[in-house]
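K.L.:
There's a structure below that I have some questions on.
Values quoted throughout were computed directly from the atomic coordinates according to the rules given, and no laboratory measurement underlies them. Since this is a predicted model, take the numbers as computed values, not measurements. Methodologically, a virtual Cβ is constructed for each residue, glycine included, from the backbone with ideal geometry; neighbour enumeration extends over all protein chains shown.
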Amino acid sequence: MRGKHIILGITGGIAAYKSASLARLFVKAGAEVQVVMTPSAKEFITPVTMSALTGKPVVSEFFTANTGEWHSHVDLGLWADAMVIAPATASSIAKMAHGVADNMLITTYLSAKAPVFIAPAMDLDMMAHPSTAANLELLRSYGNHIIEPAEGELASHLVGKGRMEEPERIFDVLYRFFNDTDELAGKKILITAGPTYEAIDPVRFIGNYSTGKMGFAIADAAASRGADVTVVSGPVDVKPSHPDVKVVKVESARQMLSECERLFPEVSAAIFSAAVADYAPAKPERSKIKRENSDFRSLELVKNPDIAATLSGQKRPDQLTVGFALETDNETVNAMHKLQKKNLDLIVLNSLRDKGAGFGCDTNKVSIYSTRGLIADLPLKSKQECARDIISILSKYDPYTH
Ligand code: C5P
């Protein structure tokens, strides 16, 4: 994405606040971003915010009022490598579909020679209206790419389809567009995520605080680069945001192992990010243990299988495995020891000493080791960015040259 010219068109919808994050993602990835706003978009997010984030004055009118300087939509259209309209309201979609060139954004759209990506955002009834569907169909027929809105809670508090896709996903679509010869395209990847629950009785379990956020972020990052991803997940609330990620839900470590054993022969890589319980009750009770009629003070435990070690022990030369290590002290030595003991190719180390890293946080700070030692020491980042880096390193990793 470095050096690419992107026009970011913003129209007047509540989701315009997300355009700021999207602009930032593009700029951080090294792209040059020119924001073009419709007059009503300025009611939702200020041009000052957008020009500060992109380092370029925002274009909105045909002329600058005090100087009479003309803004050439034709030049802009030629400058761009891609045009992204996010959010795209029902009204702007209709204008684009029918060539109603009454503002700078629509004239730029009509002049753009580069591929156009459109991220609709509107209330569910507007989205479901046949007029919107027909206009989107027209845009598709012009070769524009529609980034389908997600289902979820809308600004109106109604729940349904119409929410603009998250900036990270829109970024991924553009990332893929600019890097379409991706090493991961079509490759099968298995990811374990979340905690495991080991039943004590039908209502109690041994578990941990893992939320699955890191594993699902990795799944999204891999899928957005074209990989065919299956997550085997313990009980979590998170869901993948990428529509093509498959999820197999399990509860215990034994169930997780058996699903992974079934899937592993087919995959090119497996990433073990689950926080698997180390022990399980030896004899889970079939009915609820009653406090009154039991003197329940100790629990006999058995060791759980190590999923990462078991599968890495069976891997073929064409398969890679990646593990995680969450350490509090002696981090590097422990991580390298785990890498060797479990026969992994790569290990991602989070230190619990780092603020903002580990369970439940939305950020993470990791370093990545191969059998030859440290290969990347990443700064604190969102779990999504971290996931993209992990996937990027995995996609380029060659055990024979590293
Ligand atoms: O040994 P430790 O739990 O620290 O190892 C962490 C790594 O091993 C993680 O990648 C985790 O997903 C994996 N693991 C596993 N099965 C276990 C224990 C850990 O797959 N029973």
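K.L.:
Size of the dipole of the chain about the Cα centre, Lys and Arg at +1 and Asp and Glu at -1 on the beta carbon, nothing else charged, in debye to 20? Intermediate values should be presented prior to the final figure.
P.N.:
Values: 44 positive and 47 negative charges, 154 e Å.
Here the chain has a charge dipole of around 740 debye.
K.L.:
Just flag the GluC sites (Glu not before Pro) in region 46-144 sitting in loop per DSSP whose Cβ has no more than 16 other Cβ atoms within 10 Å.
P.N.:
Values: sites: 61, 69, 137; in loops: 61, 69.
Passing sites in region 46-144 are 61, 69.
K.L.:
Right, something else. Roughly how many nanometres apart are two label points built 7 Å out from the Cα toward the Cβ at residue 340 and residue 382?
P.N.:
Taking the simple label geometry, residue 340 and residue 382 are separated by 3.9 nm.
K.L.:
Would you mind getting me the FRET efficiency between residue 398 and residue 142? Use the beta-carbon distance for r and R0 = 60 Å, nearest 0.05. Could the numbers behind the result be given before it?
P.N.:
Details: r = 42 Å, r/R0 = 0.69.
After rounding, the FRET efficiency stands at 0.90.
K.L.:
For n ≥ 4 DSSP H runs only, could you compute -39500 (n - 2.57) per run for the chain, divide by its residues and tell me the 222 nm figure to the nearest 500?
P.N.:
Working: 13 runs with 129 residues, N = 402.
Only helices count here, giving -9500 deg cm²/dmol.
K.L.:
For the chain, just say rounded, prolate or oblate: build the C-alpha gyration tensor, square-root its eigenvalues into a ≥ b ≥ c, call rounded for a/c under 1.5, and beyond that prolate if a/b exceeds b/c, oblate if not.
P.N.:
Note, shape of the chain comes out prolate.
K.L.:
Grab the beta carbon distance between residue 300 and residue 362, set R0 = 35 Å, and tell me the FRET efficiency rounded to 0.05. Could the numbers behind the result be given before it?
P.N.:
On the way: r = 38 Å, r/R0 = 1.09.
Once rounded, the FRET efficiency stands at 0.35.
K.L.:
Then there is this: If you take the square roots of the eigenvalues of the alpha-carbon gyration tensor of region 5-179 and sort them as a ≥ b ≥ c, do you get rounded (a/c under 1.5), prolate (a/b over b/c) or oblate?
P.N.:
Details: a/c = 1.41, a/b = 1.31, b/c = 1.08.
Cα axes put region 5-179 in the rounded bin.
K.L.:
Now, a different point. Mind listing which GluC sites (Glu not before Pro) in region 281-388 are in a DSSP loop and have 11 or fewer other Cβ atoms within 10 Å? Walk me through the numbers before you get to the answer.
P.N.:
On the way: sites: 285, 292, 300, 327, 331, 385; in loops: 285, 292, 300.
Counting only loop positions with at most 11 other Cβ atoms within 10 Å, the GluC sites (Glu not before Pro) in region 281-388 are 292, 300.
K.L.:
Could you tell me the calculated FRET efficiency between residue 49 and residue 254, based on Cβ-Cβ distance and R0 = 51 angstrom, to the nearest 0.05?
P.N.:
Details: r = 52 Å, r/R0 = 1.01.
Here the calculated transfer efficiency is 0.50.
K.L.:
Please report, in whole Å³, the volume per residue of the convex hull around the C-alpha atoms of region 188-396. It would help to have the intermediate numbers written out before the result.
P.N.:
On the way: hull volume 27.2 nm³, N = 209.
It is 130 Å³ per residue.
K.L.:
Rounded to whole Å, give me the distance from the Cα center of region 298-351 to that of region 104-140.
P.N.:
Computed from Cα coordinates, the inter-centre distance equals 48 Å.
K.L.:
Something else now. What length, rounded to one decimal in nm, is gained on full extension from residue 24 through to residue 178, with 0.36 nm per residue of separation minus their alpha-carbon distance?
P.N.:
Details: separation 154, 0.36 × 154 = 55.44 nm, distance 1.73 nm.
Full extension from residue 24 to residue 178 adds 53.7 nm.
K.L.:
I want to check the label-to-label distance for residue 290 and residue 332. Put each point 7 Å from Cα in the C-beta direction and report it in nm to one decimal.
P.N.:
5.9 nm
K.L.:
Once you order the gyration tensor axes a ≥ b ≥ c over the Cα atoms, which shape class does region 258-374 get: rounded for a/c under 1.5, otherwise prolate or oblate by comparing a/b with b/c? Present the calculation step by step, with values, prior to reporting the outcome.
P.N.:
Values: a/c = 2.49, a/b = 1.50, b/c = 1.66.
Oblate, since a/c reaches 1.5 and b/c is not below a/b.
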